[in-house]
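Engineer: There's a structure below that I have some questions on.
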Amino acid sequence: MEKQNTDFYNRKYSEGDFNYDPMVERSWLEKHIVNRFGLSLGDRVLDLGCGKGLHAALLSSFGLRVFGIEPSFQGVMGAIERGSKAIFIRDSASALEHYFDENEFDLIFCRGMSWYHRELDQLCPDTGIDVREATGDFFKYIKPGGLLVLQICTDFSGYNPNKDAYNNRLSSYLDLFQLHGEIVHVTNWAGTPLTSDEQAAKVKGGIVIATRKVNCSHPGQQFH
């Protein structure tokens, strides 16, 4: 099932890429990732599902030590051709144990990864991925006090079309990440704080949610 998803992105990336403006994306990353979360020169960052590597390459331009993992051959080839200092690996995000040590990264960045566009509370029948388990595995590779940051499109309506991207509610993302750490930041992409399902559905604009890895058995929420 994951192969079907990879085949889709191989076709997509062989024809081009998503319509990004690199200067706009770099400015957004500087404000909303690098500065907001206090990243420093040499910090280690993993970009999950990095596609053709634009965001990994841009993050590396801030002096960060960036790795990108992507199962699509066409995606990784496009990422390497950018010529950045980021290191790219062609494999599934479920295969991190083959490449990295536990507690290795200061931040894991996940932008638009298809796993988070589907079921968040159960096994997805189309991808074969249980995102609850997969997310818990990701946190193994984050240093204590480090962050997992998800940036993804949703209008928060709860509309879940068959075999297409879901518009999961704010509460669905909160329920997922509070299982794994302390939620320290929840806004839309423009930086507007998100406070409830109803308010999020009004302001729209996707979600940026950051969760800190903590060494305790009862993670909680503390939004900034």
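The values are calculated or read from the model by the stated rules, or taken from the named source; none is laboratory data. Being a predicted model, the structure only gives us computed values, none of them experimental. As a convention, Cβ positions derive from the backbone with ideal geometry for all residues, glycine included, and neighbour counts pool all protein chains shown.
Engineer: For D137, all conditions in the list (1) among the acidic types (D, E); (2) under 14 Å from the mean Cα position of the chain (by Cα); (3) modelled with pLDDT under 95 hold save one; what is the number of the exception?
Structural biologist: (3)
Engineer: I've got another one for you. Which pairs turn up if I take residues in the range 7-18 that are among the aliphatic types (A, V, I, L, M) and look for partners that are surrounded by 12 or more Cβ atoms within 10 Å (Cβ to Cβ) and modelled with pLDDT under 75 with beta carbon separation below 9 Å, at least 6 apart in sequence or on another chain?
Structural biologist: From residues that are among the aliphatic types (A, V, I, L, M), there are no pairs.
Every residue, every condition in (1) crowded, with 18+ Cβ neighbours inside 10 Å; (2) out of contact with any Asp or Glu (no Cβ under 9 Å at 6 or more places or on another chain), yes or no:
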{"residue": "L107", "(1), (2)": "yes, no"}
{"residue": "Y116", "(1), (2)": "yes, yes"}
{"residue": "Q122", "(1), (2)": "no, no"}
{"residue": "F138", "(1), (2)": "yes, yes"}
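Engineer: Among the residues of the range 119-136, is any within 23 Å of N35 (Cβ to Cβ) and touching a His at 6+ places or on another chain (Cβ under 7 Å)?
Structural biologist: Scanning the range 119-136 turns up no residue that is within 23 Å of N35 (Cβ to Cβ) and touching a His at 6+ places or on another chain (Cβ under 7 Å).
Engineer: Please count how many residues of the range 90-131 are in a helix (DSSP H, G or I), under 14 Å from the mean Cα position of the chain (by Cα) and farther than 21 Å from S157 by Cα.
Structural biologist: Residues meeting the conditions: 2.
Engineer: Based on this model, can you work out whether R82 counts as more than 24 Å from K140 (Cα to Cα) and basic (K, R)?
Structural biologist: yes
Engineer: Only one of G42, G51, G68, G75 is touching a residue at least 12 places away in the same chain (Cβ under 8 Å), crowded, with 16+ Cβ neighbours inside 10 Å and out of contact with any Asp or Glu (no Cβ under 8 Å at 6 or more places or on another chain). Can you tell me which?
Structural biologist: The conditions single out G75.
Engineer: Tell me whether the range 153-168 contains one or more residues that are modelled with pLDDT of 95 or more and closer than 12 Å to K213 by Cα.
Structural biologist: No, the range 153-168 has no match at all.
Engineer: Y173 versus (1) touching a helix residue (DSSP H, G or I) at 6+ places or on another chain (Cβ under 7 Å); (2) closer than 22 Å to A200 by Cα; (3) among the aromatic types (F, W, Y): which is the lone unmet condition?
Structural biologist: (1) is the only condition that Y173 fails.
Engineer: Can you tell me how many residues in the range 126-149 are in contact (Cβ under 8 Å) with a residue 60 or more places away in the chain and at negative phi?
Structural biologist: Selection size over the range 126-149: 13.
Engineer: Please determine, by comparing only the residues of the range 147-203 that are of a type in the set (F, W, Y) and part of a loop (DSSP other than H, G, I, E, B), which one is farthest from the chain's Cα centre (by Cα).
Structural biologist: Among residues in the range 147-203 that are of a type in the set (F, W, Y) and part of a loop (DSSP other than H, G, I, E, B), the one farthest from the chain's Cα centre (by Cα) is Y159.
Engineer: Go through (1) closer than 23 Å to G53 by Cβ; (2) within 14 Å of the chain's Cα centre (by Cα) one by one and return the number of the condition K85 breaks.
Structural biologist: (2)
Engineer: Please count how many residues of the range 50-76 are aliphatic (A, V, I, L, M) and under 14 Å from Y20 (Cα atoms).
Structural biologist: Matching residues across the range 50-76 total 4.
Engineer: With S84, S94 as the choices, which residue is in contact with a helix residue (DSSP H, G or I) (Cβ under 7 Å, 6 or more places away or on another chain), hydroxyl-bearing (S, T, Y) and under 26 Å from R212 (Cα atoms)?
Structural biologist: Going through S84, S94 in turn, the sole match is S94.
Engineer: Please enumerate the residues belonging to the range 76-102 that are among the aliphatic types (A, V, I, L, M) and out of contact with any Gly (no Cβ under 8 Å at 6 or more places or on another chain).
Structural biologist: M77, A95, L96
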